[in-house]
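Undergrad: Before anything else, here's the structure in question.
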């Protein structure tokens with residue numbers, strides 16, 4: 001059984017992605033990247049990301065992630081910002097009932113996305 | 001084609017969709033360019049709109065207004081699989097054809113705002129709060145939301161005269177009987193009666209009042225039982241319009257409360273302050289609340305963010321972006 005299913009599947013993730021996005025908007029280290037984005041669209045994308053990293057039904061292509069974040073390079077997106085996202089990801093999953101081991105596993109999977117997000 | 005294939009009709013073409021195939025894969029196979037993302041029903045990028053019945057299983061997780069208008073996720077629809085749907089017709093990507101309308105009346109309701117009533121000869125099935133595109137003879141188009149109910153028998157739009165505005169200036173100069181063309185309806189900012197006891201929070205600035213009036217009136221007409229808080233914002237008290245009419249509506253329906261908000265020169269009849277702050281204050285606790293936000297892009301974004309950070313779930317926040325980013329397959 002995937003972590004996605006263990007944590008309650010789609011209904012649980014609908015609420016969790018709101019929580020995840022709220023954390024980002026309230027964190028001044030990353031909030032400025034979200035100042036001018038379409039909130040509903042961004043939440044849908046982040047839900048797909050959370051679903052993917054917890055083994056739920058979402059396919060992921062590094063190319064999508066690369067294209068989606070390309071415009072943030074000139075705005076200074078860097079390793080520290082990815083760290084912040086992974087931190088909030090972990091806290092959100094703990095809030096859903098995940099264990100520290102689960103979070104470590106998810107963080108590892110999220111790490112694999114780092115190079116794509118940062119365009120390396 | 002085998003007996004079990006379903007057919008997808010799109011833009012005059014008939015595309016076969018064999019068992020096991022999704023609408024997305026069949027469209028791609030046929031060489032059509034359809035945006036897609038997760039291909040698992042989560043990211044909603046591949047949303048298309050059916051003209052007629054939509055594959056219901058592919059509407060899971062969509063908000064009620066989208067399902068109601070036949071939107072579905074192309075990656076989740078397997079029309080040839082049981083329960084099979086022989087034909088899925090997709091809506092013409094060019095959108096509805098323009099219809100002709102006549103000016104039925106024009107009232108000046110504020111220094112720069114006119115309430116324009118139109119009668120349409122053709123059928124224009126709309127939901128109050130949706131918008132139409134008005135076509136200027138030069139080819140320019142502008143979107144205006146509808147404050148009327150279909151049973152009124154005429155459309156009602158609120159038009160602010162924009163300084164040097166080509167379309168708004170022309171609209172303000174029209175006379176009863178004049179003809180114009182419009183296209184629509186569009187948009188998802190309207191009432192659905194899936195939660196009649198919920199509190200509705202309707203917040204708008206300027207002519208963003210028009211869709212809110214439509215939503216409030218249609219909720220009341222549908223027998224909505226929850227409280228309805230309507231907050232209208234403007235720069236100064238004289239910019240707020242339709243106050244008597246809203247007051248009369250609230251008197252008739254005790255569940256409706258109307259609040260006014262201005263940035264300056266408030267009297268005892270208005271709250272003073274930024275619309276998002278005033279709205280959050282008059283709204284109070286946001287449990288069991290659904291919000292509709294209307295106005296220009298900047299104010300809608302501010303309101304959206306304020307309500308979301310105050311704890312309202314994103315799925316309960318309804319707003320049409322001022323320049324709508326229409327979903328894939330939706331009328332462009």
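Bear in mind that the values in this text are calculations on the coordinates, not laboratory data. Just so you know, these numbers come straight off a predicted model, no measurement behind them. Cβ: placed from backbone, ideal geometry, glycine included. Neighbour counts: every protein chain shown.
Undergrad: Please give the calculated 222 nm ellipticity per residue for chain A, where each DSSP H segment of at least 4 residues contributes -39500 (n - 2.57) and the sum is spread over every residue; nearest 500 deg cm²/dmol? All intermediate terms of the calculation are to be shown ahead of the outcome.
TA: Values: 6 runs with 80 residues, N = 120.
For chain A, the value works out to -21500 deg cm²/dmol.
Undergrad: For chain B, take the longest principal axis of its alpha carbons; what is the angle in degrees between that and the long axis of helix B:209-221, to the nearest 10 within 0 to 90?
TA: It is inclined by approximately 70 degrees.
Undergrad: Ranked from highest to lowest mean number of other Cβ atoms within 10 Å per residue, what is the order of the peptides A:92-99, B:184-191, A:34-41, B:114-121? Write out the running numbers ahead of the final one.
TA: On the way: A:92-99: 17.0, B:184-191: 23.5, A:34-41: 13.1, B:114-121: 18.8.
By packing density, highest mean first, the sequence is B:184-191, B:114-121, A:92-99, A:34-41.
Undergrad: Extension gain residue B:277-residue B:164, at 0.36 nm per residue separation less the Cα-Cα distance, in nm? Mind dumping the intermediate values first?
TA: Working: separation 113, 0.36 × 113 = 40.68 nm, distance 3.18 nm.
Length gained between residue B:277 and residue B:164: 37.5 nm.
Undergrad: If you fit an axis through the alpha-carbon atoms of helix B:297-309 and take the longest principal axis of the Cα set of chain B, what angle between them do you get, 0 to 90°, nearest 10?
TA: The helix B:297-309 is inclined about 80 degrees to chain B.
Undergrad: Let me ask something else about it. Just the Cα atoms of chain A, one point each, no solvent: what log10 I(q)/I(0) does Debye give at q = 0.11, 0.12, 0.13, 0.20 Å⁻¹?
TA: Cα-only, vacuum Debye calculation for chain A: -0.33, -0.40, -0.47, -1.20.
Undergrad: Dividing the Cα radius of gyration by the Kirkwood radius, what Rg/Rh value follows for the protein assembly as shown? Walk me through the numbers on the way to the answer.
TA: Details: Rg = 23.6 Å, Rh = 23.9 Å.
On the Cα set of the protein assembly as shown, Rg over Rh gives 0.99.
Undergrad: Please give the average number of partner chain Cβ atoms lying within 10 Å of the Cβ of each residue in B:40-48, rounded to a whole number.
TA: The mean count of partner-chain Cβ atoms within 10 Å per residue comes to 6.
Undergrad: Is any residue of the stretch B:153-193 close enough, with backbone N under 11 Å, to a label point placed 7 angstrom from the Cα of residue B:235 along the Cα-Cβ axis, and if so, which?
TA: Answer for the stretch B:153-193: B:163.
Undergrad: Still on this structure, I have one more. Just the number, please: Stokes-Einstein D of the stretch B:37-116 in µm²/s, Kirkwood Rh from C-alpha pairs, 37 °C, 0.692 mPa s.
TA: 214
Undergrad: Here's something else I'd like to know. Let me have the 222 nm mean residue ellipticity of chain B computed from DSSP H runs of 4+ only, each contributing -39500 (n - 2.57), with the sum over all residues rounded to the nearest 500.
TA: The helix contribution divided over chain B gives -5500 deg cm²/dmol.
Undergrad: Could you work out, residue by residue across A:47-58, how many beta carbons of other chains sit within 10 Å of that residue's beta carbon, and then give the average as an integer?
TA: Taking all residues of A:47-58 together, the mean is 4.
Undergrad: May I pose another question? Taking Cα atoms, how many degrees apart are the long axis of helix A:9-25 and the longest axis of chain A, rounded to 10 and kept between 0 and 90?
TA: With both axes taken from Cα atoms, the answer is about 40 degrees.
Undergrad: Applying a 10 Å radius around every beta-carbon, put B:142-148, B:273-279 in order of their mean neighbour count, most first.
TA: On the way: B:142-148: 23.7, B:273-279: 20.0.
Order by mean packing, descending: B:142-148, B:273-279.
Undergrad: Between residue B:222 and residue B:136, with labels modelled 7 Å along Cα→Cβ, what's the label distance in nm to one decimal, could you check?
TA: The modelled label-to-label distance comes out at 3.5 nm.
Undergrad: Using a simple spin-label model with points 7 Å from Cα along the Cα→Cβ vector, what separation in nm is obtained for residue B:151 and residue B:104?
TA: Here the answer is 1.5 nm between the modelled labels.
Undergrad: Mind ranking B:290-301, A:3-14 by how tightly packed they are, going by the mean number of other C-beta atoms within 10 angstrom, highest first? Each step should come with its number before you reach the end.
TA: Working: B:290-301: 21.0, A:3-14: 16.3.
Ranked from most to least packed, the peptides come out as B:290-301, A:3-14.
Undergrad: Express in whole angstrom the spacing between the alpha-carbon centres of the stretch A:16-67 and the stretch B:32-89.
TA: Here the two parts' Cα centres lie 23 Å apart.
Undergrad: In units of 2.2 N^0.38 Å, what is the alpha-carbon radius of gyration of chain B?
TA: 1.07
Undergrad: Which value in nm describes the separation of the simple spin-label points at residue B:244 and residue A:31, placed 7 Å from the Cα toward the beta carbon?
TA: A separation of 4.5 nm, rounded to one decimal place.
Undergrad: Dividing the alpha-carbon radius of gyration of the stretch A:61-120 by 2.2 N^0.38 Å (N being the number of residues), what value is obtained?
TA: Numbers: Rg = 12.5 Å, N = 60, 2.2 N^0.38 = 10.4 Å.
Normalised Rg, Cα atoms only: 1.20.
Undergrad: Just subtract the alpha-carbon distance of residue B:194 and residue B:252 from 0.36 nm times their residue separation and send over the number in nm, one decimal.
TA: 18.5 nm
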